[in-house]
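Notes for the one structure printed next.
None of the figures in this text is laboratory data; all of them are computed from the coordinates on show. All figures in this text were calculated on a predicted structure; none of them were measured in a lab.
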Amino acid sequence: MVAALGFGLSIGLTAFAAGALLQLAFPKSSALAEQGIAWGVVLLVCGIVTYVAALQRWGTVTAVGSAVAALRAPLFGALLLCAVGAVTSAFASSAGILSALVPLAAPFIAQGHVPATGLIVALALSATVVDATPFSTVGALVVANAREEERPQVYRGLLRWGAAMVLSGPPITWLLFVLPAAGRP
């Protein structure tokens, strides 16, 4: 932490170097450490992170969000923005997705047909109820820490949960927070 924060060194490289030094300093106590790592989960998360980074780099999320924001039906557009938030957040950082989608919600809010607070709450909830999918950091940690024989069952359970939240979260939050306040001054 001191090397990264105090001297501006790369946190990843510093962590890798610290791990290598610990391995060299205590070879007996860390001899079987790599056998306890859920490599399938590590590869899954690395692949998803790479894929999402590529989508964000090429502007896919912004392009989809902009297409939704260009719709002339503000209430339907708000629902679609919530759906885009849920789907993309199932694989990426909720905070990162929200920082991309909130500015796209501004035109709907500016038109006055969609309540600002309701839409922001609906977007935030839609993007965060999916955080326990096995593709997210939280879900991947749960899968990785499950006993080896339970991992497939935990993975499937989190996958079902995530799919249920992607399908139900946006319409429920839209119905609860956007629709009731729509059209109010």
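Entry note, the chain: the mean residue ellipticity at 222 nm calculated from DSSP H runs of n ≥ 4, each adding -39500 (n - 2.57), is -22000 deg cm²/dmol after division by the residues and rounding to the nearest 500. Remark: the stretch 101-107, residue by residue, has Karplus-estimated 3J(HN,Hα) of 8, 4, x, 6, 7, 4, x Hz, where x stands for each Gly or Pro and the curve is 6.51 cos²θ - 1.76 cosθ + 1.60 at θ = phi - 60°.
Between (1) 66; (2) 49; (3) 45, which entry matches percent of Cα pairs over 25 Å apart as derived from the coordinates of this structure? Recomputing percent of Cα pairs over 25 Å apart here picks out (2).
To the nearest ten degrees, helix 74-89 and the longest principal axis of the Cα atoms of the chain are 10 degrees apart. Computed from phi, the 3J(HN,Hα) profile of the stretch 159-172 under the Karplus parametrisation 6.51, -1.76, 1.60 (θ = phi - 60°) reads 5, 5, 4, x, 5, 4, 6, 5, 7, 9, x, x, x, 5 Hz, with x in place of Gly and Pro.
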